[in-house]
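Written below as structure tokens is the structure these notes are about.
Any read-out appearing in this document is the output of simple, stated calculations on the displayed coordinates, not a laboratory observation. Since we're looking at a predicted model, the values are computed, not measured. Virtual Cβ from ideal backbone geometry, glycine too; neighbours counted across all protein chains shown.
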Amino acid sequence: MSPSADRVAAFTRADLTFPTEDTGPIDGEPVLLLHGWPQDGRSWDRVTPALTAAGYRSFAPTLRGATPGANPRPRRAYRGPELLGDVAAMIERIGAPVHLVGHDWGAALAWTVAVRRPDLVTTLTAVSVPHPAAFLNALRRPAQLRRSWYMAFFQLPVVPELALAADGVRRRVLRASGQSSAAARRDAGRLDSYALRRGGFNWYRGALLSAPRDLGPATVPVLQVWSDGDVAVGRASIEASRAYARGGYRLVVLEGVSHWIPDVAADRLSDALLAHLRAHPRATGA
């Protein structure tokens with residue numbers, strides 16, 4: 001298959017619309033970039049220029065729950081199969097297998113897509129978050145439980161949405177976790193909408209309904225990028241992800257960097273990502 005010869009302003013699935021930034025050479029190998037919480041497609045703005053300069057075509061969509069056009073209310077709408085279906089529809093619209101890259105929740109989703117639909121994926125790059133089964137296993141240990149306390153809080157109805165209602169509170173939370181001032185202002189600002197706050201928390205609530213305990217290994221080449229200043233994810237689960245990467249696994253550790261790698265260490269991430277993509281080009285005619 002060949003990538004779409006038309007620029008894509010938005011992906012669609014049923015009645016959902018996901019705005020996207022489609023940049024780079026129209027005939028470049030496609031790279032699909034999945035953001036995490038509480039962000040949107042703009043979280044990749046410091047990474048896509050390097051991909052464009054290297055000849056890759058980047059798609060950075062805003063995912064379910066983070067945009068008014070794809071913001072269903074019930075938490076069951078955020079179960080794993082629904083999220084996987086969104087990404088599969090995007091790749092089918094692109095028209096070719098993609099280099100799949102994800103950060104935070106986007107990384108967990110990217111792992112799932114690579115395992116469930118390897119026909120759609122050339123390579124996987126997971127930023128900050130490990131294979132979901134490795135993470136679930138790590139949650140049995142006190143160290144990761146302490147880091148992940150907020151996940152239990154986010155299960156409560158309404159309360160998290162109200163707790164982060166004030167822009168100043170959202171900015172302080174993001175800055176305390178290592179986000180840059182400019183990016184914290186960007187990400188906090190988009191959550192003035194109660195519906196978008198609810199949509200983000202529903203990723204956590206939906207995960208509880210469909211935790212992928214049976215998710216097997218990826219068979220495509222995997223690059224895992226993690227930072228030792230990550231307040232949310234410890235190294236144990238990252239190391240454990242190696243067992244879930246039968247197509248090859250490379251771990252890059254960024255020292256002195258927070259969880260927000262695409263914003264605060266874009267150059268180092270781009271270098272590692274480009275090395276991975278060049279080592280595993282899309283097969284001719286794929």
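Points worth noting:
- Whole-number D in µm² s⁻¹ for the range 211-286, Kirkwood Cα-pair radius fed into Stokes-Einstein, 20 °C, 1.002 mPa s: 156
- Span-rule helices in the chain, defined as complete DSSP H runs reaching 18 Å or more along the axis (Cα) with Kyte mean at least -1.0: 80-94, 194-209, 266-279
- Report note on the peptides 140-150, 121-131: ranked by the mean count of other C-beta atoms within 10 Å, highest first, their order is 121-131, 140-150.
- Annotation for the range 124-143 versus the range 47-64: alpha-carbon center distance of 25 Å.
- Three-way shape label, the range 10-279, alpha-carbon gyration tensor, a/c 1.5: rounded
- The Cα atoms of the range 1-77 give a gyration tensor whose axes a ≥ b ≥ c have a/c of 1.5 or more with a/b no greater than b/c, which makes the shape oblate.
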